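Asks: Let me begin by handing over the structure; questions about it come next.
The values are calculated or read from the model by the stated rules, or taken from the named source; none is laboratory data. Just so you know, these numbers come straight off a predicted model, no measurement behind them. Heads up, the Cβs are rebuilt from the backbone with ideal geometry, glycines too, and the neighbour counts pull from every protein chain shown.
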Amino acid sequence: MLLDIITIFPEYFAPLGVSLIGKAVQRGDIAVGVHDLRSWAHDPHKTVDDTPFGGGPGMVMRPEPWGEALDAVLGAADGRAQSPGGAPSAGGAQLIVPTPAGELFSQGIAAELAGAEHLIFACGRYEGIDARVVDYARNLMPVRELSIGDYVLAGGEPAVLVMVEAICRLLPGVLGNAGSAPDDSFGAGDGPMHGLVEGPAYTRPRAWRGLEVPDVLLSGNHGAIARWRRDAALRRTALTRPDLVARLPSAALSARDRQVLSQARFAVTGEDVAH
Ligand code: ADE
């Protein structure tokens, strides 16, 4: 997979050189290009923003450096293949624009994007990017405007780090334990934890500062361990994410599941979580 990130803060992306993604880059499974938007600004001050037409607070990123940046990363990716109109053609590229005004990013979207050949991330700052940039880009490639949550960041960079990590850990060979992604909270798998957040996990030592690991996890009884894990996941999901419990299809809940949920009901006052 090829990732191109356009930003006015290239140094923000140093974390992509470490951990699982850093290793995938070293192996050549992922290629990452981080590009300074200011290298496509041509005035002596390398200006990339201006005041908004119509007035109002803040600054808007000007379209010209963005247009040149997109043309350059597309051209570089497909050997400068040119469409008949002269603009670079996009091949398998998709543009991701992080914005609090976008569609909510999710594990499902991460899984879709993990199938892409080439993702280009356009990090906006200030009050955003001139809207014509997205209009222009839609003529060249699919564009998704994505929000990572209902809060406002100072710029798209941290959102891109979040999305890149969520996407890249789904690529074959990136996770150390290939079995772990489908069982994640929100994972695409149809395993016993599907639709639930993960329950607690423990490791050695068995007793630590007076706190013991639950006996069942040391019992070697795989059936009992699986049941205990599902119970714990149901209780935690009822407590922290009653919205997810309410979305579980009735057919996915056994009599035992319903019993665990009704016992946890105290934690979800006012919510009918047990269907
Ligand atoms: N830029 C600013 N806030 C954002 C958010 N919540 N998600 C994505 N990009 C953003």
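Asks: Give the residue, chosen from ASP4, ASP36, that is under 17 Å from PHE121 (Cα atoms), touching a Pro at 6+ places or on another chain (Cβ under 8 Å) and modelled with pLDDT of 95 or more.
Replies: ASP36
Asks: ASP150 is checked against (1) closer than 21 Å to ILE30 by Cβ; (2) within 16 Å of the ligand (Cβ to nearest atom) and fails just one. What number does that condition carry?
Replies: Here ASP150 meets the rest and fails (1).
Asks: Taking the options ALA101, ALA69, ALA76, ALA14, name whichever one is over 26 Å from ALA154 (Cβ atoms) and either in contact with a strand residue (DSSP E or B) (Cβ under 8 Å, 6 or more places away or on another chain) or in the same structural domain as VAL143 (by TED's automatic domain parsing) (or both).
Replies: On inspection, the qualifying residue turns out to be ALA76.
Asks: Of the numbered conditions (1) within 12 Å of the ligand (Cβ to nearest atom); (2) of a type outside the set (Phe, Trp, Tyr); (3) free of Cβ contacts under 8 Å to residues at least 24 places away in the same chain, HIS45 fails exactly one; give the number of that condition.
Replies: Answer for HIS45: the failing condition is (1).
Asks: Give the number of residues within the range 109-147 that are away from the ligand (no atom under 11 Å from the Cβ), over 21 Å from THR51 (Cβ atoms), charged (D, E, K, R) and free of Cβ contacts under 8 Å to residues at least 60 places away in the same chain.
Replies: The total comes to 3.
Asks: I've got another one for you. Looking at MET163, is it away from the ligand (no atom under 16 Å from the Cβ), assigned by TED's automatic domain parsing to the domain that holds GLU112 and surrounded by 16 or more Cβ atoms within 10 Å (Cβ to Cβ)?
Replies: No, not satisfied.
Asks: The conditions are (1) within 16 Å of the ligand (Cβ to nearest atom); (2) surrounded by fewer than 18 Cβ atoms within 10 Å (Cβ to Cβ), and LEU218 fails exactly one of them. Which is it?
Replies: For LEU218, the failing item is (1).
Asks: Here's a follow-up. Contact list please: Cβ distance under 6 Å, first residue in the range 201-221 and free of Cβ contacts under 8 Å to residues at least 12 places away in the same chain and closer than 18 Å to ALA232 by Cβ, second residue surrounded by 11 or more Cβ atoms within 10 Å (Cβ to Cβ) and not aliphatic (A, V, I, L, M), pairs at least six apart or on different chains.
Replies: VAL213/TYR202; VAL213/ARG206
Asks: Another question, if that's okay. Please state which one of PRO98, PRO44, PRO84, PRO88 is at pLDDT below 95 and out of contact with any Lys or Arg (no Cβ under 9 Å at 6 or more places or on another chain).
Replies: PRO84
Asks: Is it the case that the range 53-73 has a residue that's within 16 Å of the ligand (Cβ to nearest atom), part of a loop (DSSP other than H, G, I, E, B) and surrounded by 13 or more Cβ atoms within 10 Å (Cβ to Cβ)?
Replies: yes
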